[in-house]
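Have a look at the structure below, then the notes.
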């Protein structure tokens, strides 16, 4: 199961950089099945995915000062990775984050806790912020949707 999750994260990173168009909802499932089969991990049918809408929140980013330091889940922070910090989401949660100003989308994995600045709900890595086009602005409103794969843990009910 861990290997399939790694394949899914790799696929979502490909989607984040615009290499796969999300206009057709079946594309994710088709690409997931292709990735599983190319890596000789066979499943009866691809896991269907859904997105749970968590609404619009304020997001910021953090980078160089924390690069290489240990995150709350124990891994080293990589400012170029597509990761984020949140106070409630379990580690490993995949979020689809949409910049409402330019409609860029990135998929991030929760690996840290924060932000600890009032009024902000999500801290993005510098790489995630770059993908969303928010490096200069710093703080923006984003739409957040949680990736749900049936058979995985129950979704988080609230971002607050």
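Here are the numbers for this structure:
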| quantity | calculated |
| --- | --- |
| Given (1) within 15 Å of the chain's Cα centre (by Cα); (2) on the phi > 0 side of the Ramachandran plot, index of the condition residue 148 fails | (2) |
| Meets criteria (closer than 18 Å to residue 72 by Cβ and modelled with pLDDT of 95 or more) for residue 100 | no |
| Test for residue 126: is it assigned by TED's automatic domain parsing to the domain that holds residue 83, surrounded by 14 or more Cβ atoms within 10 Å (Cβ to Cβ) and farther than 21 Å from residue 77 by Cβ | no |
| Index of the failed condition, residue 151 passing every other in (1) out of contact with any helix residue (DSSP H, G or I) (no Cβ under 6 Å at 6 or more places or on another chain); (2) modelled with pLDDT of 90 or more | (2) |
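The values are calculated or read from the model by the stated rules, or taken from the named source; none is laboratory data. Here the structure is a predicted model, which is why all the values come from computation and not from measurement. Positions of Cβ are generated from backbone atoms using ideal geometry, with glycine treated the same way; all protein chains shown enter the neighbour counts.
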